[in-house]
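Q: I have a structure I would like to understand better, so I am pasting it below and will then ask my questions one at a time.
The values are calculated or read from the model by the stated rules, or taken from the named source; none is laboratory data. Owing to the predicted nature of the structure, the values given are computational and were not obtained by experimental measurement. Here Cβ is always computed from backbone atoms with ideal geometry, including for glycine, and neighbour counts include all displayed protein chains.
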Amino acid sequence: MRVRRTLSPLVAITQNNNESFAIEEGLNLLNISSMINSNDVVVITPNWVGAGGPEIGDVVGPNSLKKIIQIIKSCNPKRIVIATASARKDVEKLMIDIGFMDVIKSENVEFINLNNGPFINLPLNHSCPKSIALNKLYDEMTFLISFTQLKIHEEATISASIKNIAMGWPTGEEQGYPKKNLGIHKDLHGFISAMLEKFTIDLSIVSASPAMVGTGPHKGIGNHTGLVLCGTDPIATDTVGARLLGFKPQAINYLYKSINKGLGCGEVTTDSSSPIKILGMRLIDAEKHFNKCAYGKDFSID
């Protein structure tokens, strides 16, 4: 398994009504230009789960995806690939309808539908399934970016950077459409944690503009908070995202499992002694702002 490019658990919290600007500010705070080199095969896995649209947080925004591609291009990697395996069999139609195809064509980057082969077989430290088929891109990438919206989730409790990769890479050709044929959902939290053991997520971009609250991943309410999280450690990033939704990490089973496996840092405080270093907006201010937007009252966990 690759070692994550930046080992320090850094999370930049930015706020801008223009999601693309918030992302750009967050990546600048992380000094993205120092993270990627000319030999890298950069893979961006966006959340393309359904056709509800970016307005409610069902999928990421095409304009923001375009901004991320442009920022990564400025780092001059060898290859940039947009890659995901939608739970919808007609992922190309979704791409056209929402505007992702236009972005990929205009930016002249590769797209790989991870539902298609050729595949490798990856053993998992998990009972069901014990292994999983993945596109061979898994062995080729050197830098992985998870780009997703923050959501309440009816089974996973929250959906953020880790779940996006864990559920965005398994092929529908093996798992079915949606991906429930071979038992992933029998122990979803165990599966997500087992997948994180096999994936090195170098950069997590989690947008709360909008964030889906109420229920999810499709039927909730999208709240445009202007907040974006950019992090070097997916557990740290998702820990901050969980707090915005009102959860400490031990409330998210797969996050708690992964922390106990030593896969990342899940300890954060609202002061300068925090093991997760917060850049940009203060965590307590972000929590209050999120809750004011979502629920009409500015409160925080601590």
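Q: I'd like to know if the range 198-219 contains one or more residues that are in contact with a Pro (Cβ under 7 Å, 6 or more places away or on another chain), over 25 Å from Thr14 (Cα atoms) and not hydrophobic (A, V, I, L, M, F, W, C).
A: no
Q: Any idea which of Val91, Val109, Val59 is at negative phi, hydrophobic (A, V, I, L, M, F, W, C) and at pLDDT 95 or above?
A: Val109
Q: Among the residues of the range 55-90, what is the count of those that are within 19 Å of Met141 (Cβ to Cβ) and not in a loop (DSSP other than H, G, I, E, B)?
A: The number of residues fulfilling the criteria is 12.
Q: Kindly indicate whether Thr6 is among the hydroxyl-bearing types (Ser, Thr, Tyr), buried (at least 20 other Cβ atoms within 10 Å of the Cβ) and either under 13 Å from Ser207 (Cα atoms) or out of contact with any His (no Cβ under 7 Å at 6 or more places or on another chain) (or both).
A: no
Q: Thr215 is checked against (1) under 26 Å from Ala87 (Cβ atoms); (2) buried (at least 24 other Cβ atoms within 10 Å of the Cβ) and fails just one. What number does that condition carry?
A: The one condition Thr215 does not meet is (2).
Q: A further question follows. I'd like the residue in the range 58-81 that is touching a Ser or Thr at 6+ places or on another chain (Cβ under 8 Å) and closer than 30 Å to Val213 by Cβ and, out of all such residues, is surrounded by the fewest Cβ atoms within 10 Å (Cβ to Cβ).
A: Filtering first and then ranking leaves Asn63.
Q: From the list Ser127, Ser161, Ser106, Ser131, exactly one residue is polar (S, T, N, Q) and crowded, with 18+ Cβ neighbours inside 10 Å. Which is it?
A: Ser161
Q: Here's something else I'd like to know. Could you grab me the full set of residues in the range 253-272 that are touching a His at 6+ places or on another chain (Cβ under 9 Å) and buried (at least 21 other Cβ atoms within 10 Å of the Cβ)?
A: Tyr254, Leu255
Q: Which members of the range 249-302 meet the condition of being assigned to a helix (DSSP H, G or I), in contact with a Ser or Thr (Cβ under 6 Å, 6 or more places away or on another chain) and of a type in the set (Val, Ile, Thr)?
A: Ile284
Q: Within the range 229-271, restricting attention to residues that are among the aromatic types (Phe, Trp, Tyr) and touching a residue at least 24 places away in the same chain (Cβ under 8 Å), which residue is farthest from Ile301 (Cα to Cα)?
A: Only one residue fits best here, namely Tyr254.
Q: Taking the range 33-55, which residues are surrounded by fewer than 21 Cβ atoms within 10 Å (Cβ to Cβ) and out of contact with any helix residue (DSSP H, G or I) (no Cβ under 6 Å at 6 or more places or on another chain)?
A: Answer for the range 33-55, where residues must be surrounded by fewer than 21 Cβ atoms within 10 Å (Cβ to Cβ) and out of contact with any helix residue (DSSP H, G or I) (no Cβ under 6 Å at 6 or more places or on another chain): Ser33, Ser34, Met35, Asn37, Ser38, Asn39, Asp40, Gly50, Gly52, Gly53, Glu55.
Q: If you check Asn121, Asn125, Asn164, Asn116, which single one turns out to be among the polar types (S, T, N, Q), over 27 Å from Gly262 (Cα atoms) and touching a residue at least 12 places away in the same chain (Cβ under 8 Å)?
A: From the options Asn121, Asn125, Asn164, Asn116, the qualifying one is Asn116.
Q: Those residues that are closer than 23 Å to Lys163 by Cα and surrounded by fewer than 20 Cβ atoms within 10 Å (Cβ to Cβ), I need them from the range 82-97; list them, please.
A: Arg88, Lys89, Asp90, Glu92, Leu94
Q: Follow-up question, since we're still on this one. Which of the following residues is hydrophobic (A, V, I, L, M, F, W, C), surrounded by 18 or more Cβ atoms within 10 Å (Cβ to Cβ), under 23 Å from Ser207 (Cβ atoms) and free of Cβ contacts under 8 Å to residues at least 60 places away in the same chain: Phe143, Phe111, Phe100?
A: Among Phe143, Phe111, Phe100, only Phe100 is hydrophobic (A, V, I, L, M, F, W, C), surrounded by 18 or more Cβ atoms within 10 Å (Cβ to Cβ), under 23 Å from Ser207 (Cβ atoms) and free of Cβ contacts under 8 Å to residues at least 60 places away in the same chain.
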